[in-house]
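Here's the structure, in structure tokens; my notes come after.
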Amino acid sequence: MEPHDNSDWIWWKHGVIYQIYPMSFFDSNDDGVGDIPGIIAKLDYLHGLGIDAIWLSPVYKSPMLDFGYDVSDYRQIDPVFGTLEDLKLLLEKAHLLGIRVIMDMVINHTSDNHRWFLESRSSKDNPKHDWYIWRDGRYGGPPNNWKSFYGGSSWEYDGGTNQFYLHTFLKQQPDLNWRNKELRSAVFKELVFWLDLGVDGFRLDAMNMVGKQKRLKSIPDLFGFLFFFRQYRKYNQPASYKFGRKLRNLLNNYDDKMSVGEIFTLPPGDPSRVASYLEDGDNSIHLAFDFSIIFRSWNARKYYRCIERWYSKIPEKGWPCNVLSNHDLLRSIDRFRLRRNKEAKAKVAATFLLTLKGTPFIYYGEEIGMRNANIKRGDIRDPLGKRFWPFFKGRDRARTPMQWSDGPEAGFTRGKPWLPVNHNHKIINVIKQKEDSTSLYHHYETLIRIRKEHKALHLGEWMPLVKGDHNIIAYYRIFMDEKILVALNFSNKPRMIHLENDGKGTLLYSTHRVIRKIFKNNKIILLPFESFIMKMA
Ligand code: TEU
């Protein structure tokens, strides 16, 4: 790994992380599914964008009922993605470019095809029986009234053992029993396997669901989705926290490894809960996702309050991370009232993401403004979409193939893509955006570069300047004597902000102007949807 010239540089704190949904990134062998050699082929693109690490959604062996989140062997790569050798090559080539690689670890459940589960269900006496959560039925029905997030009961009856097993997600994704010591050590062995192979860290799928109560009691019934609010309270048990601490202790034995937890919260966006997983500093997981921002409408005040609240919950020794989208959420550019002036608003949101305090995560395609696709019912692959259509059309909409060019299948594959390519690839694609210096792609690239070049932006403190305004957010990022002003206009009208001093400084970046030396007085007029970054004199 290339040493960074900045001695304060801690990659998982100060770098930018890019999430790849491997099935949709780039297909190297024309089978219509993205693969690891495809990612290797695009490393130069990622390096050019300036990111520091990639997080791969699962590439392990899997029946793909939940597209890799149903793992049937943690140590093998699914043939659709390539081989273990391909993954090793990816690590090697990525590392040469200074790009780290984070694997997605699904530890709440496995696939029902995993050999652990096959053994577990083979008989009640099997030593691995207790590796999953089995209970006898009650009154001829399931052990309790818990529901699966994917619809129906959380319990599946198994004729062989005459018992039910718990599955928080699909019935083909049985939950692991983290109360079993042998299971815990077996999972840790899988983690060690990947660490020894050279991966740089883990994204921990649904990590707060790992700990379950001993007695799984029924929950007083409530209508529809509200039921899940009650069921959700059953998660976040001490065992989930313990898992985080144990994992961190393992990672601390290595140099420079990281972990980021996906904390599922209800109501969505619960920064206190998320931050509680960071409480123990060097003995906690490194980062945890708070998704509050995705539930805020396009309003500077709401964004401000959201981030302010998130920071206020981060414990003393913790570090925030920020994210606009991922493979479970619809694409940020299409969200809320982003309908008009989408590109302009996406630039404001990107500046926010990339100038805040905390590790930014970018979801593949976000940097070119990929939109949610409309997918015909017959083409839907996501089990959630199949189950809840037409109320929820599923997550495929944000998982369509990366739009590399305006050519056939957006240059993603020469075969038939596993999910239809968004027809707007004629207009929205990497080649076109690279040619246009005012594109969203160049906006991301420039901001990533500026962030890296200035310590205040990647490691500095965050000091808000304009707090409660509906149209403007402005804040300083400060590190020692470096002070950088970031001002964002969320509205389609010019807006004025007042600075504290005489406003002398050098423009580092603006979406709307090029003059580098500005201001004699302490006012700035921000143009509609302007992102403005100035280094104070
Ligand atoms: O998601 C866990 C999770 O909390 C989901 O219920 C999520 O809230 C839902 O997908 C929102 O639409 C993880 C993965 O990110 C997801 O892709 C998997 O399907 C899920 O675990 C099961 O492994």
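Here are the numbers for this structure:
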| item | result |
| --- | --- |
| Test: residue in region 479-490 that is of a type in the set (Lys, Arg) and within 26 Å of the chain's Cα centre (by Cα) | no |
| Near pairs, Cβ below 8 angstrom, 6+ apart or cross-chain, from region 133-150 (within 21 Å of ASN180 (Cβ to Cβ)) to any residue that is within 16 Å of the ligand (Cβ to nearest atom) and of a type in the set (Lys, Arg) | ILE133/LYS212; TRP146/LYS234 |
| Selection from region 396-416 of residues that are over 16 Å from GLU366 (Cβ atoms) and in a loop (DSSP other than H, G, I, E, B) | SER405, ASP406, GLY407, PHE412, THR413, ARG414, GLY415, LYS416 |
| Residues of region 324-347 satisfying the condition of being at pLDDT 90 or above and part of a loop (DSSP other than H, G, I, E, B) | LEU324, SER325, ASN326, HIS327, ASP328, LEU329, LEU330, ARG331, ASN341 |
| Evaluation of VAL430 against (1) under 22 Å from the mean Cα position of the chain (by Cα); (2) of a type outside the set (D, E, K, R); (3) assigned by TED's automatic domain parsing to the domain that holds ARG513 (one fails), failing number | (3) |
| Flag for VAL192 being at pLDDT 95 or above and within 15 Å of the ligand (Cβ to nearest atom) | no |
| Residue satisfying condition, being touching a Gly at 6+ places or on another chain (Cβ under 8 Å), aromatic (Phe, Trp, Tyr) and either surrounded by fewer than 17 Cβ atoms within 10 Å (Cβ to Cβ) or touching a residue at least 24 places away in the same chain (Cβ under 8 Å) (or both), within set PHE67, PHE25 | PHE25 |
| Counted residues, region 166-189 - those being within 16 Å of the ligand (Cβ to nearest atom) and either in contact with a strand residue (DSSP E or B) (Cβ under 8 Å, 6 or more places away or on another chain) or within 23 Å of MET258 (Cα to Cα) (or both) | 11 |
| Some residue of region 348-362 being under 28 Å from GLY32 (Cα atoms) and in contact with a strand residue (DSSP E or B) (Cβ under 8 Å, 6 or more places away or on another chain) | yes |
| Matching residues in region 303-347 - criterion: being within 16 Å of the ligand (Cβ to nearest atom) and touching a His at 6+ places or on another chain (Cβ under 9 Å) | CYS321 |
| Filter result (on the phi > 0 side of the Ramachandran plot and either within 15 Å of the ligand (Cβ to nearest atom) or not assigned by TED's automatic domain parsing to the domain that holds LYS302 (or both)) within region 215-274 | ASN236, GLY269 |
| Test: ASP31 is more than 16 Å from the ligand (Cβ to nearest atom), part of a loop (DSSP other than H, G, I, E, B) and more than 23 Å from the chain's Cα centre (by Cα) | yes |
| Any hit, region 442-461, residues being among the aromatic types (Phe, Trp, Tyr), surrounded by fewer than 21 Cβ atoms within 10 Å (Cβ to Cβ) and either at pLDDT 95 or above or touching a His at 6+ places or on another chain (Cβ under 7 Å) (or both) | no |
| Number of the exception - LYS317 against (1) under 28 Å from LEU459 (Cα atoms); (2) of a type in the set (Lys, Arg); (3) modelled with pLDDT of 95 or more | (3) |
| Meets criteria (within 16 Å of the ligand (Cβ to nearest atom), more than 27 Å from ILE450 (Cβ to Cβ) and touching a residue at least 24 places away in the same chain (Cβ under 8 Å)) for ASP382 | yes |
| The listed residue being closer than 26 Å to ASP256 by Cα, surrounded by fewer than 22 Cβ atoms within 10 Å (Cβ to Cβ) and touching a residue at least 24 places away in the same chain (Cβ under 8 Å), out of GLY32, GLY50, GLY15 | GLY50 |
| The lone exception for ILE362 - which of (1) out of contact with any helix residue (DSSP H, G or I) (no Cβ under 8 Å at 6 or more places or on another chain); (2) modelled with pLDDT of 95 or more it fails | (1) |
| The listed residue being within 16 Å of the ligand (Cβ to nearest atom) and within 30 Å of GLU435 (Cα to Cα), out of LEU65, LEU56, LEU96 | LEU56 |
| Hey, ARG100 crowded, with 23+ Cβ neighbours inside 10 Å and of a type in the set (Lys, Arg) or not | yes |
| Residue count for region 444-458, restricted to those that are hydroxyl-bearing (Ser, Thr, Tyr) and in contact with a helix residue (DSSP H, G or I) (Cβ under 8 Å, 6 or more places away or on another chain) | 1 |
| Conditions (1) outside any loop (DSSP other than H, G, I, E, B); (2) more than 16 Å from the ligand (Cβ to nearest atom): number failed by GLU156 | (2) |
| Search result, residues across region 99-115 that are away from the ligand (no atom under 16 Å from the Cβ) and closer than 18 Å to ARG184 by Cβ | ARG115 |
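To keep it simple, each residue is scored yes or no on (1) within 15 Å of the chain's Cα centre (by Cα); (2) closer than 27 Å to GLY468 by Cβ; (3) touching a residue at least 12 places away in the same chain (Cβ under 8 Å).
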| site | (1), (2), (3) |
| --- | --- |
| PRO320 | yes, yes, yes |
| LEU353 | yes, yes, yes |
| GLY358 | yes, yes, yes |
| GLU367 | yes, no, yes |
| ASN372 | no, no, yes |
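The values are calculated or read from the model by the stated rules, or taken from the named source; none is laboratory data. Since this is a predicted model, take the numbers as computed values, not measurements. With ideal geometry, Cβ positions are generated from the backbone for all residues, glycine too; neighbour counts draw on all protein chains shown.
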